[in-house]
1. Any residue in the range 245-272 that is touching a residue at least 24 places away in the same chain (Cβ under 8 Å) and of a type in the set (A, V, I, L, M) sitting within a Cβ distance under 7 Å of a residue that is near the ligand (Cβ under 10 Å from one of its atoms) and assigned to a helix (DSSP H, G or I)? List the pairs, counting only those 6 or more apart or interchain.
2. May I ask you to say which residue of GLY216, GLY227, GLY260 is small (Gly, Ala, Ser), within 11 Å of the ligand (Cβ to nearest atom) and part of a loop (DSSP other than H, G, I, E, B)?
3. If you go through the range 350-358 one residue at a time, do you hit one that is part of a loop (DSSP other than H, G, I, E, B) and free of Cβ contacts under 8 Å to residues at least 40 places away in the same chain?
4. Do you know which residues across the range 1-33 are surrounded by 15 or more Cβ atoms within 10 Å (Cβ to Cβ), under 27 Å from GLU63 (Cα atoms) and modelled with pLDDT of 50 or more?
5. Please determine whether any residue of the range 135-152 is aromatic (Phe, Trp, Tyr) and in contact with a Ser or Thr (Cβ under 8 Å, 6 or more places away or on another chain).
6. Residues in the range 140-162: is at least one assigned to a helix (DSSP H, G or I), among the hydrophobic types (A, V, I, L, M, F, W, C) and either on the phi < 0 side of the Ramachandran plot or surrounded by 17 or more Cβ atoms within 10 Å (Cβ to Cβ) (or both)?
7. Across the range 468-499, which residue is nearest to LEU163 (Cα to Cα) among those that are assigned to a strand (DSSP E or B) and either of a type in the set (Asp, Glu) or within 16 Å of the ligand (Cβ to nearest atom) (or both)?
8. Checking LEU323 against (1) on the phi > 0 side of the Ramachandran plot; (2) over 26 Å from the mean Cα position of the chain (by Cα); (3) buried (at least 24 other Cβ atoms within 10 Å of the Cβ), which test does it fail?
Amino acid sequence: LATNARYLATRFFVAQPELATGTPPSVKLLIDGEFRESQATEWVDVTNPATQEVVSRLPQTTEREFNAAVQAAKDAYPTWRNTALPTRSRVMFKFQELIRQHMDELAANVTLEQGKTLPDARGDVFRGLEVVEYACNLAVDLRGEFIENVSSGMDTYSIRQPLGVCAGICPFNFPAMIPLWMFPIACTTGNTFVLKPSEKDPGASMMLAELAMEAGLPKGVLNIVHGTHDTVNRILDHKDIKAISFVGSDAAGRYIYERGSASGKRVQANMGAKNHAVVLPDANPEATVAALTGAAFGAAGQRCMAISAAVFVGGIEAWKERLIEKAKALSVGPGDASETDVGPLISPEAKDRAARLVQSGVDQGAQILLDGRGVRVPGYESGNFMGPTLIAGVKPNMDCYSEEIFGPVLVCLEAETLDEAVAIINSNEHGNGTALFTRSGPAARKFQNEVEVGMVGINVPIPVPLPFFSFTGWRGSFHGDLHMYGKAGVQFFTQPKTVTTNWKDADERFMRAPGLDAV
Ligand code: NAD
């Protein structure tokens, strides 16, 4: 990783003199097609969560730089919106090819800055790549509608036009996939874009932006600003930004939705989750336990579609030993070690918070079946590691249930019936994803019909839809009405214009060949 970091720093962070002195490189801004050194006076350290080493320094973008980024996007917009759709799509064809070619470096950067294992990091890039593939052919979902003879000799049609300058605000947990949920669709539909990556792991966004420009994205179409609250506030308040796509926590999402909407912008806010798996007594034992442990502890539980709560219908007893055994067998360590299953959490604060919520479960009467809090990884003593943790006897009023832990923790509840399990899920404030494990078709049919959650898996632990569908979280997990990517994503980044035409009084003379009158 160190070698890769140096390579990346050379190519994407453009900070040659600093490399020579060993100072961590600064992350550049992307404004009007140029990677620029920020004039910021405040900087944030980007750290490797497995070691706490500083990987790079990220600027708190100044107001002037921010305005320059929006202005570049605004200036690029008139030409880009009228660039032929096949030309815009061809940029995405080239972009997807370049992402494939650079998959290893992208994944190495994701592991370095975010901590997840290399195979998982490749998955992060790959799930984003699938959205780029979708963008290559999004014309299918951009097509308008036409009705002839709405009145005598009159027709009405609707076309979808881009909005203008759009913005994206990203979380840390999928540093490649989530930027790719946003700007490929926004830009291919004719918008220009200002992206704010997570301040914790901006590297993948920088690499992707460089590859997008290499693929032919004209200068100013994609711009990148960095920072935390102040940069977000500037996005929320800037009069030239028409729409904001946000993915992150509840608190930030609610704030961004409210302030962004209040200033007249279109906002989609994808927020936190508590995703339940319901296990019926007839479920396949091996497959279900493998699915539960993968979905709860993979990526150290830092997935918005992780299974973080399991409801065992008929009780946990029959499942307990198998679950403990499978979870115990997972190896905790740095993401670049081939034997690692569970990497570090993103920060010491995230680790402390997860540990505190586990303790609150104990204090409130739950039982710990497996405790990953004390885990030590030799050689990585400063890493933010936490091992797989299983808590049983959890009740909905406990903090370890009601709060999103976002760590490798599975809280286990029990229910007498499927109805009771569904009622637990429907009472939870979040409604992102859920899964049912069963061999019963009627039970599956009932579950998918009654559960008030936007993405449902039947014997599928993490039912993230591919990009020809959309990412459809419900209730507290989503504010807005048009979801991410797929047809809804195209609709989010475009607005319909409805045209009614009347040609019934057309002059007959224009319908004949010139000169015909003289004959
Ligand atoms: P976060 O909310 O802390 O940060 C997300 C972005 O918002 C960052 O760019 C950050 O700079 C900004 N931000 C944070 N606090 C802010 C504030 N108070 N005001 C203005 N801006 C603020 O989220 P995170 O910790 O990076 O990501 C983890 C969270 O994201 C989890 O809750 C997870 O469930 C959620 N998530 C949801 C989805 C989804 O699709 N629903 C996907 C991935 C992650």
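1. Pairs that qualify, where the first residue is touching a residue at least 24 places away in the same chain (Cβ under 8 Å) and of a type in the set (A, V, I, L, M) and the partner is near the ligand (Cβ under 10 Å from one of its atoms) and assigned to a helix (DSSP H, G or I), are VAL247/ILE178; ILE256/VAL232; ILE256/LEU236; VAL267/ILE256; ALA269/GLY253; ALA269/ILE256; MET271/ASP250; MET271/GLY253.
2. GLY227
3. No, the range 350-358 contains no residue that is part of a loop (DSSP other than H, G, I, E, B) and free of Cβ contacts under 8 Å to residues at least 40 places away in the same chain.
4. Residues satisfying the conditions are PHE12, PRO24, PRO25, SER26, VAL27, LYS28, LEU29, LEU30, ILE31, ASP32, GLY33.
5. yes
6. For the range 140-162, residues assigned to a helix (DSSP H, G or I), among the hydrophobic types (A, V, I, L, M, F, W, C) and either on the phi < 0 side of the Ramachandran plot or surrounded by 17 or more Cβ atoms within 10 Å (Cβ to Cβ) (or both): present.
7. Selected residue: MET484.
8. So the condition that LEU323 fails would be (1).
The values are calculated or read from the model by the stated rules, or taken from the named source; none is laboratory data. Being a predicted model, the structure only gives us computed values, none of them experimental. For neighbour counting, all protein chains shown are included, and Cβ atoms are generated from backbone atoms with ideal geometry for every residue, glycine included.
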